[in-house]
Amino acid sequence: NLLGLGEVVDGTFSKKGNVKETAVGLAQVSARLPRPGGFGADVEMEARREDVDHRKTSSFHANVQSLACRARSLDGEHCLRAEAAWRELSPTAHPSIPLAAAASAEVVRECLAPSLLTALGYSFHRDRRDMQHGVPVAGSMVSTDLQLAVAPGDARHLKLSSRAERHWLLARPYMGAPVGPTAALLGESGLMFPWVAGNRSVPLIGSSSNSSSILDRFHLGGARNLRGFAEDGVGPRAEPSSGGLVFGDALGGDLKLLASAMLSTPVPAPALAEAGIRATASLRAGLLGSRVPTDAGDFFKLSHLVRSTVSLGLCVPVNQGAILELSCAKPLTSQPQDRGEQWQLSIGLGLG
């Protein structure tokens, strides 16, 4: 109660390594500032250092040191933030040639100099889902995030991302299952508008060149979004002949769209149904383009970027609402440069 406002102040420090090729050091201080009438905010300051290995999908390693200050409404729905991040990228070293890089020309250009991101942001999150045994059975969830990258950093963009879900309970539980059959519709979108300086040309949609940073772009592919494709397996790629991975370095894009329809039902076996094991079927479609379209010609090209998949899965509840899911997917539309992955194993909160 340092300010006499009934505030609560606490601090934490943690360090984690070997989590999806990511090592994280985190120092955090937070304070709750209540106000009469229910107005107030949770204020949080966070210093973070991340070492992220991207060599499975692109030929570089990233070291990111960031500082962020957030003010979140007491109901948790609104959040304002200011952030700064110093980003250093290192290309994958050539295994036999000293001081040489085994990365594509596009990735090497990204690694020539460190970059500074300074940004203001706002996020909104409203969760009205009815969760039962880790499964959403009714209600909706909406979240959106806005980031404006400004001076003195060298990154310049307006980045918008959003996600929406709607869930329905179709029938009562059977065979002792805790939850009956359900249906869901899910949608995601991501738009980024880089500030193009001077006479720098704007790349065509679907091309591998881009005026934004590879760390800021969106990515598509993987068990938790577009099944049937490997992580970062869809979207703009560098030519394999320019170096890097044999299938081409994933470069990401400024435009991302994803839509999913899913059915979930208890496995029709009493012992498995009582344990909460469920079968799922889903139809998904998404696209990733190098930039947001600005004219009719670009909108027409979007149809060539759409990927779609159909999948079947088996979900097993593990702990504290987490669900382990094994899925088998078949792409309905794809391109030769895409990286497919038929069988996928994932773990997360709620159904993927």
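The values are calculated or read from the model by the stated rules, or taken from the named source; none is laboratory data. From a predicted model like this one, the values you see are computed outputs, not experimental measurements. Heads up, the Cβs are rebuilt from the backbone with ideal geometry, glycines too, and the neighbour counts pull from every protein chain shown. Areas reflect the complete protein model, heavy atoms only, side chains present, ligands, DNA and RNA absent. Shrake-Rupley method; radii C 1.70, N 1.55, O 1.52, S 1.80 Å.
Where residues in the stretch 297-334 are among the charged types (D, E, K, R) and over 18 Å from Pro236 (Cα atoms), which of them is least open to solvent (accessible area, probe 1.4 Å)?
Glu325
Specify the residue that is nearest to the chain's Cα centre (by Cα); the eligible residues are those in the stretch 85-107 that are within 20 Å of Pro236 (Cα to Cα) and part of a strand (DSSP E or B). So that I can check it myself, show each step before the final result.
Keep residues of the stretch 85-107 that are within 20 Å of Pro236 (Cα to Cα), which gives 89, 91-92, 102-107.
Now drop any that are not part of a strand (DSSP E or B), which leaves 89, 91.
Numbers: Leu89: 20, Pro91: 23 Å.
The selected residue is Leu89.
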- Task: Identify the single condition in (1) surrounded by 17 or more Cβ atoms within 10 Å (Cβ to Cβ); (2) β-branched (Val, Ile, Thr); (3) over 23 Å from Ser66 (Cβ atoms) that Ile97 does not satisfy, given that it satisfies every other one.
- Result: (1)
- Filtered residue count, the stretch 60-77, keeping only those that are in a strand (DSSP E or B) and either on the phi > 0 side of the Ramachandran plot or open to solvent by 70 Å² or more (accessible area, probe 1.4 Å) (or both): 3
- For Thr57, indicate whether it is over 18 Å from the mean Cα position of the chain (by Cα), surrounded by 14 or more Cβ atoms within 10 Å (Cβ to Cβ) and closer than 18 Å to Gly252 by Cβ. no
- Query: Applying the selection to the stretch 256-296, what residues are outside any loop (DSSP other than H, G, I, E, B), open to solvent by less than 60 Å² (accessible area, probe 1.4 Å) and either in contact with a helix residue (DSSP H, G or I) (Cβ under 8 Å, 6 or more places away or on another chain) or without any contact (Cβ under 8 Å) to a residue 12 or more places away in the chain (or both)?
  - Reply: Pro266, Leu287, Leu288, Gly289
- Item | the stretch 213-237, residues that are surrounded by 24 or more Cβ atoms within 10 Å (Cβ to Cβ) and either assigned to a loop (DSSP other than H, G, I, E, B) or polar (S, T, N, Q) (or both) | Arg217, Gly221, Ala223, Leu226, Arg227, Gly228, Gly233, Gly235, Pro236
- Task: Using the structure shown, decide if Arg126 is part of a strand (DSSP E or B) and either under 29 Å from Pro152 (Cα atoms) or in contact with a strand residue (DSSP E or B) (Cβ under 6 Å, 6 or more places away or on another chain) (or both).
- Result: yes
- Pull up the stretch 130-156, narrow it to residues that are touching a residue at least 60 places away in the same chain (Cβ under 8 Å) and more than 19 Å from the chain's Cα centre (by Cα), then point me to the one that is most open to solvent (accessible area, probe 1.4 Å). His133
- Note on the structure: Residues in the stretch 100-129 that are crowded, with 19+ Cβ neighbours inside 10 Å and either of a type in the set (D, E, K, R) or without any contact (Cβ under 8 Å) to a residue 24 or more places away in the chain (or both) total 2
